[in-house]
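What follows is a short report on a single structure.
The values are calculated or read from the model by the stated rules, or taken from the named source; none is laboratory data. Quantities reported herein were computed from a predicted structural model and do not represent experimental measurements. Neighbour counts are summed over all protein chains in view; Cβ atoms, including those assigned to glycine, are modelled from backbone coordinates with ideal geometry.
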């Protein structure tokens, strides 16, 4: 509950205070240009890195490897894009931080450590029926008629 309070109340209030302070120091139009500029640049970078990550994911799948690294990168890039299009200074810093590959590696290491220590629990769920592999179809087999007995050994 405390984290949600921080996310939905404290962060927006701090963002608002920062934007007001920046607006008073550099002016309203410069502040609006800053907000719009970071959104455009961030969206462009997120798109570029997202395409690169998607190519890596496809390559991993084609090579028969589990694309776990590419999936985590994709999630972090998606988070970065989402926070970069929201107006604010702190969220923009965090968004750009998520777009830098070295910083993403740092975040992934911290996440892995939290999972190992039990501070974070990861659960996988399926939206539909579980996948069941089907046996390969049988070829050149003629079905028996009911009631007939086979004379073959």
Matching entry among 68, 81, 129, 125 (being modelled with pLDDT under 90 and closer than 20 Å to residue 52 by Cα): 68
What single numbered condition from (1) within 26 Å of residue 74 (Cβ to Cβ); (2) modelled with pLDDT of 95 or more fails to hold for residue 24? (1)
Leading residue by the ranking (surrounded by the fewest Cβ atoms within 10 Å (Cβ to Cβ)) among those in the stretch 48-80 that are touching a residue at least 24 places away in the same chain (Cβ under 8 Å) and over 21 Å from residue 110 (Cα atoms): 50
Among 86, 91, which is the only one that is at pLDDT below 90 and closer than 26 Å to residue 21 by Cα? 86
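Right, residue 43: under 17 Å from residue 88 (Cα atoms), in a helix (DSSP H, G or I) and modelled with pLDDT under 90 or not?
Values: under 17 Å from residue 88 (Cα atoms): yes; in a helix (DSSP H, G or I): yes; modelled with pLDDT under 90: yes.
Yes.
Given 106, 54, 61, 78, which one is part of a helix (DSSP H, G or I) and within 26 Å of residue 16 (Cβ to Cβ)?
Of the residues listed, the single one that is part of a helix (DSSP H, G or I) and within 26 Å of residue 16 (Cβ to Cβ) is 78.
Go through the stretch 12-29 and give me each residue that's loosely packed, with under 12 Cβ neighbours inside 10 Å and over 13 Å from residue 90 (Cα atoms).
Selection gives 20, 24, 25, 27, 28, 29.
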